[in-house]
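A quick write-up on the structure given underneath.
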Protein chains: 4
Amino acid sequence: MANFKGHALPGTFFLLYGFWLTVKHTLRHNWRTSKPNGRQTVPPFSKKMDYIEGGFTILASFVGIIAEQFVVDGPHARLYDTEHKAWVKLMNWQHGTMYLFFGISGMTLVTSTKSKLVPPGVDRLALALALFVEGFLFYYHVHSRPPLDAHIHSLLLVAVFGGSASTMLEVFVRDNIVLELLGACLFILQGSWFYQIGFVLYPLNGIEWDLEMHDNIMFVTMCFCWHLAVALLLVACTSSVVWFTVKRFSGRSQDIEIGMRNTSSKTSCQKALLEESDEE
Amino acid sequence: MANFKGHALPGTFFLLYGFWLTVKHTLRHNWRTSKPNGRQTVPPFSKKMDYIEGGFTILASFVGIIAEQFVVDGPHARLYDTEHKAWVKLMNWQHGTMYLFFGISGMTLVTSTKSKLVPPGVDRLALALALFVEGFLFYYHVHSRPPLDAHIHSLLLVAVFGGSASTMLEVFVRDNIVLELLGACLFILQGSWFYQIGFVLYPLNGIEWDLEMHDNIMFVTMCFCWHLAVALLLVACTSSVVWFTVKRFSGRSQDIEIGMRNTSSKTSCQKALLEESDEE
Amino acid sequence: MANFKGHALPGTFFLLYGFWLTVKHTLRHNWRTSKPNGRQTVPPFSKKMDYIEGGFTILASFVGIIAEQFVVDGPHARLYDTEHKAWVKLMNWQHGTMYLFFGISGMTLVTSTKSKLVPPGVDRLALALALFVEGFLFYYHVHSRPPLDAHIHSLLLVAVFGGSASTMLEVFVRDNIVLELLGACLFILQGSWFYQIGFVLYPLNGIEWDLEMHDNIMFVTMCFCWHLAVALLLVACTSSVVWFTVKRFSGRSQDIEIGMRNTSSKTSCQKALLEESDEE
Amino acid sequence: MANFKGHALPGTFFLLYGFWLTVKHTLRHNWRTSKPNGRQTVPPFSKKMDYIEGGFTILASFVGIIAEQFVVDGPHARLYDTEHKAWVKLMNWQHGTMYLFFGISGMTLVTSTKSKLVPPGVDRLALALALFVEGFLFYYHVHSRPPLDAHIHSLLLVAVFGGSASTMLEVFVRDNIVLELLGACLFILQGSWFYQIGFVLYPLNGIEWDLEMHDNIMFVTMCFCWHLAVALLLVACTSSVVWFTVKRFSGRSQDIEIGMRNTSSKTSCQKALLEESDEE
């Protein structure tokens, strides 16, 4: 993982997940506010989205764990080397542990969507725990590195623990669109910051950063705020685009679902979703 | 206490208590959701469970305090040795103080179950305080130990203070099954981590761990996350088993209590519970 | 203040205030639960209690500030000595600042009791701020002292900041008896811990404590927990005694206020209260 | 910015903003409590106030960013000097970043006032984030300065992060006047503390403070509490004056809005507001 790609890959996942959450929660908020008697039923497209999200999370976590174990210089499922009396590739094991918790979060989402017996909020709790574990492992990760390296990783923790706290709040404050979009924003921030870490520690143009220079630390701190501003902007734009697209196609007198179907004629992803939703 | 058994004993208690909480809260949640007019009355089996829990906590705390005082190398109720101008066996006194607060928590549970005058939530507050005191004393406990020893104990604090915070929240957010099971999960985590501390500091196979080695600290941090994953799995499984067992035996049209009685024909523990509940 | 009396005096005030809060909140809780249509009106005795509490707080703060300024070795209202280019008796000024905020809290209580225009919760906010300021000033107070001295003062901060947080919560969670009694308990804890600090730093029997000895720190930490246990017990007992005394005298069919009047024939303090309440 | 004016300017802005918030929230609270069926509609003057506040914030932020960039010794929009391999005037860039977030907060306020589609609370979230970013950048700002300089800036953080937390709470606890005035009070505190920093670090009378002297730190800590007391007093007075002015002019039987119009004959600021409100 100690290269640019190793940071770009999780960054891409978190970015996409942030956008996905923005779209999902905006659609759901639209549904809630459109229906005057809104809260009784969950729309079918919402369920489909949760299945896709959960399924994808499980798959990605599984692939991630396997990849971390069986890459060329991976631990190949060996934890302790009794010959050399040393742990084998603990970094890969730690990354695998992080994936495991996101996998658990995916499983919880699928289960809680499937069955009404699972109390509401369990999926948010599982996601909050996954973020907490990620931050927890990173926290002990950054020990004894050069100042800039440690600082840039500890800034990541602000996004991770912030996301964990906001997701944990969602367990108690349900259906609050502000909180949901804040969570999505923090995922996008986390994703883009992973890229930034990659750019700084493994620069593509080959010019190394001075890891001891105080001004670099000051710039990186400020840069984190710029990422936050961009993340806020992206969430606001995505959410607006989704909202107005849905509104235009659904019309005023029509049922929201029919509108959704019209929309789906353009978006292939939603199309697949809604074709399945007809069976219910 | 500075041996494997000294860590296995509290570990076992916390593990059992975590499972007990899981079963209790699942049964109560089942009762709440089965009754359409649910919140007025507390089912009699619930009261019995609270009496048993409270009574057992008081008993265990009392035995624990006495044991800590009067073991062979204990302080025998002497606090200060005026001859040598030194405190006598402060470690035993500290453990006794922890037990005392769990005892207070047990007394509060019995009292609040007994009398409707005790405001709801006092029992959760007492439990949260007991966990806080445990963490508080441990926090000043780990001072000036070798790195791995200090680290493995400070990880315990994550479970203890997490449990304290989640139990404190239950004072205000009543009857939230997600929060209740999270609390139970953190008790199981605490219990299993006590065992882990025992295995690491007093290894049964005699091979000592290097308490200064950084890789050991990294492994132990990751291992704590695995314990959390297992604790989540155990709570989920236990809760599901209890839920479906109750559902199967109670049927649909039957009263939940009759169902409970059928169930009790298999589980001797619940049997005892319900025989007493007939008297009410 | 650097003597036993200087710690016993605030300790006594906080102890008495804790008991006062216990009695006040228990009486109010009794009133709330006795009236089926309880929340509309505030009983007259409650208003009188608030006036007394507020008035006394203002008076005590005023006396405290004056005393700190004009004791023999006080600053006599001089803040900066331009001759020696030094601040004059900053310790006394700091204590005066603490009293000032408790005075503000008293004024807020009187005003919010007097006028319905003051939004509910302002008095709790002012008290929370007073405790916060006390803790805030103490926090920078304990700098560069011997270990035991610093530790015993930082334990006080646990009670002070705990009290501040619990009082702040009361701004949002109104009329929650558990929270109110927890606040009272933390005041009692603070009061008794002031005494303990006095006993340790200025021992009455003349035998000095070794301020560097680690075992002393361990004992003091544990002792703080014992104070907490005693404070819990005192609040529980006081509250129960008040509750059952009120219940016995008020009877079942009688109005709670008449009961209060009967009670007052025994308790001179309440007598004064209720005589005045007849005028309203 | 490293002079007295550089601290007086933001201080003035924060002071004025604190007073503005006090007036705005008091007027709104008056409106809410006057209308028995209060919560359905937002009064037109309230909307105008939000437009003015938002517009001014955007303008001030924009001017601030431009000024920081193009003052004589500013970076002139250059971020990295490739020749000397150094960042250009990072301090100015950091201040610009802070302004940017207040600008975002202003834009959010305007948008959320304009459109009902923006979920309520987004403007508070944006303000909380702006304060968080301010505190976040200041936190890494104070590194490696003389003790008094670092301490006086870290006291500022208490006001900044306190304000951020209280504003964040407003996202969830809507229309709570106590919380709103606490937020206003913390803005005033921040503003007056900026002045205090200016007075201490760049004394107008030319007598330099000893930045290493412990007594100075003690005094400054206490002084911060006095600023808080004054801020509380100012908020209380301003709020009372606004409240009684509105009450007197609106009379009892009259509609609150007519009362507002009468009031506006005296206050030119409100006059402008209400003239525009006639057009709606």
Exercise. Build a GNM of chain C with springs between Cα atoms under 10 Å: which of C:174, C:28, C:248 gets the top mean-square fluctuation?
Worked result: C:248
Problem set entry | Options D:31, D:96, D:207, ranked by Cα towards positive dipole end of chain D, top entry (Cβ charges) | D:31
For this session: Would you calculate a helix-derived [θ] at 222 nm for chain A, using -39,500 (n - 2.57) for each DSSP H run of n ≥ 4 and dividing by the full residue count, to the nearest 500?
Result: -26500 deg cm²/dmol
Problem set entry | Per-residue HN-Hα couplings for the range A:111-118 [Karplus 6.51, -1.76, 1.60; θ = phi - 60°; Hz; x = Gly/Pro] | 4, 6, 6, 5, 10, 6, 6, 5
Seminar exercise, completed: With one decimal in nm and the nearest listed first, the spacings from residue C:59 to its own position in the other copies, using label points 7 Å along Cα-to-Cβ, are 5.4, 5.4, 7.7
Seminar exercise, completed: Of the residues A:105, B:13, A:245, the Cα lying farthest along the dipole of the protein assembly as shown towards its positive end, which is defined by charges on the beta carbon of Lys, Arg, Asp and Glu, belongs to A:245
Problem set entry | Within 10 Å of each Cβ in B:129-138, the average number of Cβ atoms from other chains | 3
For this session: Specify the inter-centroid distance of the range B:139-216 and the range B:76-125, based on alpha-carbon positions, in whole Å.
Result: 21
Exercise. From the phi of every residue in the range A:62-73, what ³J(HN,Hα) in whole Hz does the Karplus formula 6.51 cos²θ - 1.76 cosθ + 1.60 yield, where θ is phi - 60° and glycine or proline is x?
Worked result: 4, 4, x, 4, 4, 4, 4, 6, 10, 5, 3, 9
Seminar exercise, completed: In whole Hz, the Karplus estimates of ³J(HN,Hα) for the range B:94-99 (6.51, -1.76, 1.60; θ = phi - 60°; x where Gly or Pro) are 5, 4, x, 5, 4, 4
Exercise. Residue A:124: net charge of surrounding residues, Cβ under 15 Å, Lys/Arg +1, Asp/Glu -1, itself excluded?
Worked result: -3
Seminar exercise, completed: In debye to the nearest 20, the charge dipole size for chain D, taken about the Cα centre with +1 at each Lys and Arg Cβ and -1 at each Asp and Glu Cβ, equals 1060
Exercise. Which entries in A:35/C:116; C:35/D:24; A:48/A:247; C:47/D:247; A:114/A:247 show an alpha-carbon gap greater than 31 Å?
Worked result: A:35/C:116; C:35/D:24
Exercise. In debye to the nearest 20, how big a dipole does the range D:65-148 give about its Cα centre with +1 on each Lys and Arg Cβ and -1 on each Asp and Glu Cβ?
Worked result: 260
For this session: Take the rotation relating chain D to chain C, measure from its axis to every Cβ in chain D, and name the nearest residue with the distance in whole Å.
Result: D:172, 7
Exercise. Can you give me the relative contact order of chain A as a percent, contacts being Cα pairs under 8 Å and 6 or more apart?
Worked result: 26
Problem set entry | Ranked by how many other beta carbons lie within 10 Å on average, peptides A:224-233, D:70-79 from highest | A:224-233, D:70-79
Exercise. Reachable lysines from residue C:5, Cα under 24 Å, same-chain residues fewer than 8 places away excluded?
Worked result: C:89
For this session: Starting with the highest mean, order C:238-244, A:14-20, C:138-144 by the number of other Cβ atoms within 10 Å, averaged over the residues of each peptide.
Result: A:14-20, C:238-244, C:138-144
Exercise. Which of rounded, prolate, oblate describes the protein assembly as shown, given a ≥ b ≥ c as roots of the alpha-carbon gyration tensor eigenvalues and a/c under 1.5 marking rounded, otherwise prolate only if a/b is larger than b/c?
Worked result: rounded
Exercise. Where a ≥ b ≥ c are the square roots of the eigenvalues of the C-alpha gyration tensor, would you call the range B:48-91 rounded, which needs a/c under 1.5, or, failing that, prolate if a/b is larger than b/c, or oblate?
Worked result: prolate
Seminar exercise, completed: Averaged over the residues of B:115-121, the number of partner chain Cβ atoms within 10 Å of each residue's own Cβ comes to 4
Exercise. Considering only the label points, 7 Å along Cα→Cβ from Cα, what distances in nm to one decimal separate residue B:214 from the same position in each other copy, shortest first?
Worked result: 2.6, 2.6, 3.6
For this session: Give, rounded to the nearest 20 debye, the magnitude of the charge dipole that the protein assembly as shown has about its Cα centre when Lys and Arg contribute +1 at Cβ and Asp and Glu contribute -1 at Cβ.
Result: 4140
Exercise. At residue A:6, label 7 Å along Cα→Cβ: distances to the other copies, nm, ascending?
Worked result: 4.1, 4.1, 5.8
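Across the residues of D:215-228, average count of Cβ atoms on other protein chains within 10 Å? Present the calculation step by step, with values, prior to reporting the outcome.
On the way: counts 4, 2, 3, 9, 6, 1, 8, 12, 2, 4, 11, 3, 0, 7.
Mean number of neighbouring Cβ atoms from other chains: 5.
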Seminar exercise, completed: Highest mean packing first, using Cβ neighbours within 10 angstrom, the peptides D:122-134, B:84-96 sort as D:122-134, B:84-96
Problem set entry | the range C:149-237: GluC sites (Glu not before Pro) in DSSP coil with no more than 12 other Cβ atoms inside 10 Å | C:208, C:212
For this session: Mind running the shape call on the range C:44-165? Use the C-alpha gyration tensor, a ≥ b ≥ c as the square roots of the eigenvalues: rounded below 1.5 for a/c, prolate if a/b tops b/c, oblate otherwise.
Result: oblate
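Could you tally the net charge around residue A:164, taking each other residue with its Cβ under 15 Å from the Cβ of residue A:164, Lys/Arg +1 and Asp/Glu -1?
-3
Each reported figure results from applying straightforward, stated rules to the coordinates on display, with no laboratory input. In this text, all values refer to a predicted model and were calculated from it rather than measured experimentally. No Cβ is skipped: glycine too gets one built from the backbone with ideal geometry, and neighbour counts run over all protein chains shown.
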